[in-house]
Amino acid sequence: MLKKLGITLIILGLLIIITYSIYNRVINLKALNEAKNYIEETSKVINNDLNDIEEKQEEDNNTNYTAVLEIPKIGLKRGVVDATENFNSINYDISVDKTSNYPDSNGNFIVYSHSGNSSIAYFKKLYKVNVNDLVYVYYNGIKYEYEIYKKYDIPKTGRAKVISSKKNKYITLITCNQGRKGYQIVLIGKIKNSEEY
């Protein structure tokens with residue numbers, strides 16, 4: 001009797017794990033597809049108003065991405081969303097800090113996401129990105145290429161000093177350091193190239 005119960009519990013556990021894995025794969029494929037759609041749509045309207053794209057995303061019930069972030073080193077290509085007063089976007093996607101400048105103007109494009117093992121831990125492999133690695137941002141029909149030049153940890157206080165520049169374009173990526181409790185990883189990249197896609 002106990003043997004049958006044990007086998008049943010093992011089978012049930014395996015079914016739960018498989019279902020969760022399939023669910024995460026479907027969600028990730030949907031997000032990747034939405035990122036590709038954003039890139040395709042914005043490439044068609046480089047100099048036009050992007051309101052049509054936002055309306056189409058709402059009609060299609062897709063996430064309203066404001067840009068797409070690609071980090072080839074860790075196989076990440078995903079849309080990013082703006083944080084607002086009433087929407088804590090980090091609990092849903094890669095979030096753009098409210099103080100950010102988008103890549104089309106000088107300043108710092110600041111993004112952050114969770115790390116760890118949850119289904120929303122999009123920066124769980126960010127620790128593998130190193131100095132000289134490339135990061136791409138697709139925004140309004142332009143592909144911006146950044147090269148990471150600085151990587152360091154800071155205490156997890158909810159605040160990070162970031163570069164503010166009116167002369168250059170930077171990207172800052174922030175997430176919790178899973179290997180060092182109470183700290184966050186900060187990666188800073190500088191613009192290397194930009195081109196229409």
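Filter the stretch 172-187 for residues that are assigned to a strand (DSSP E or B) and either under 15 Å from the mean Cα position of the chain (by Cα) or at pLDDT below 90 (or both) and give the result. Outline the logic, then answer.
Just the residues of the stretch 172-187 that are assigned to a strand (DSSP E or B), to begin with: 172-176, 183-187.
Selection gives T172, L173, I174, T175, C176, I185, V186, L187.
Within the stretch 160-171, is there a residue that is on the phi < 0 side of the Ramachandran plot, outside any strand (DSSP E or B), without any contact (Cβ under 8 Å) to a residue 12 or more places away in the chain and of a type outside the set (A, V, I, L, M)?
yes
Which of the residues spanning the stretch 98-135 are within 12 Å of the chain's Cα centre (by Cα), part of a loop (DSSP other than H, G, I, E, B) and either at pLDDT 85 or above or under 19 Å from K150 (Cα atoms) (or both)?
The answer is S113, H114, S115, A121, Y122, F123, K124, K125.
Starting from residues that are in contact with a Phe, Trp or Tyr (Cβ under 8 Å, 6 or more places away or on another chain) and under 13 Å from I110 (Cα atoms), keep the ones in the stretch 137-161 and report whichever is surrounded by the fewest Cβ atoms within 10 Å (Cβ to Cβ).
Per the stated criteria, the residue is V137.
The values are calculated or read from the model by the stated rules, or taken from the named source; none is laboratory data. This is a predicted model, so every value here is computed, not measured. We place every Cβ from the backbone using ideal geometry, glycine too, and count neighbours over all the protein chains shown.
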